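The values are calculated or read from the model by the stated rules, or taken from the named source; none is laboratory data. Predicted model, so just to flag it, every value in this text is computed and none were measured. Note that we place each Cβ from the backbone using ideal geometry, even for glycine, and neighbour counts take in every protein chain shown.
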Amino acid sequence: MSALFDRLQAEMATARKAQDKPQTLLLSTIISDAKNRKIELMRDLTDDDVIDVIRKGIKRRKESVEMYEKGGREELAAKERAEVAALEKFLPAQVNPEELRAAVKAAIAAGATNIGAVMGKVMPQFKGRADGSAINAIAREELGGK
């Protein structure tokens, strides 16, 4: 298993000992998702695999925040936001937006003329370190400027 997965399990053990129920539940859910991912891939997980699982968990929670806010359920939205913050600490440092913009410009200069082509060239460079929606927004800006 990956070092990040081991870190998640250690954090869950700490949360359990501290009787921090919300943190224990959050981490056990992510660990379960990671184990399911391992079964799906039929191999041991790498840190990148675990990062993907964490990112999906964050994305799901961000979508829930939007839904709860639309429904006027601020207390539930706040709970989801706290979970997003707790999960983000397991991700590697995010890439500077200017670095993303430079990579997008380089992809466009290399002949990528649509969003799909730009995303295809840029995403692998920043796997696990940048949000796809941030790259997409920059790509749209840069392509729209042409």
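The residues on offer are ARG55, ARG61, ARG7, ARG101, and the sole one that is touching a residue at least 12 places away in the same chain (Cβ under 8 Å) and assigned by TED's automatic domain parsing to the domain that holds VAL118 is ARG101.
A count restricted to the range 1-29 and to residues that are more than 20 Å from the chain's Cα centre (by Cα), surrounded by fewer than 13 Cβ atoms within 10 Å (Cβ to Cβ) and either among the hydrophobic types (A, V, I, L, M, F, W, C) or on the phi > 0 side of the Ramachandran plot (or both) stands at 4.
Can you confirm whether the range 64-72 contains a residue that is free of Cβ contacts under 8 Å to residues at least 60 places away in the same chain, closer than 20 Å to ALA137 by Cβ and either in a helix (DSSP H, G or I) or of a type outside the set (Asp, Glu) (or both)? Within the range 64-72 (the criterion being free of Cβ contacts under 8 Å to residues at least 60 places away in the same chain, closer than 20 Å to ALA137 by Cβ and either in a helix (DSSP H, G or I) or of a type outside the set (Asp, Glu) (or both)), the answer is yes, since at least one residue qualifies.
Within the range 93-125, being at pLDDT 80 or above and under 23 Å from ARG61 (Cα atoms) holds for one residue alone: MET123. Condition first: loosely packed, with under 15 Cβ neighbours inside 10 Å, β-branched (Val, Ile, Thr) and touching a Leu at 6+ places or on another chain (Cβ under 7 Å). Can you find one or more residues in the range 114-132 that meet it? Yes, the range 114-132 contains a residue that is loosely packed, with under 15 Cβ neighbours inside 10 Å, β-branched (Val, Ile, Thr) and touching a Leu at 6+ places or on another chain (Cβ under 7 Å).
Looking only at residues in the range 30-54 that are touching an Asp or Glu at 6+ places or on another chain (Cβ under 8 Å) and among the basic types (Lys, Arg), the one that is surrounded by the fewest Cβ atoms within 10 Å (Cβ to Cβ) is ARG37.
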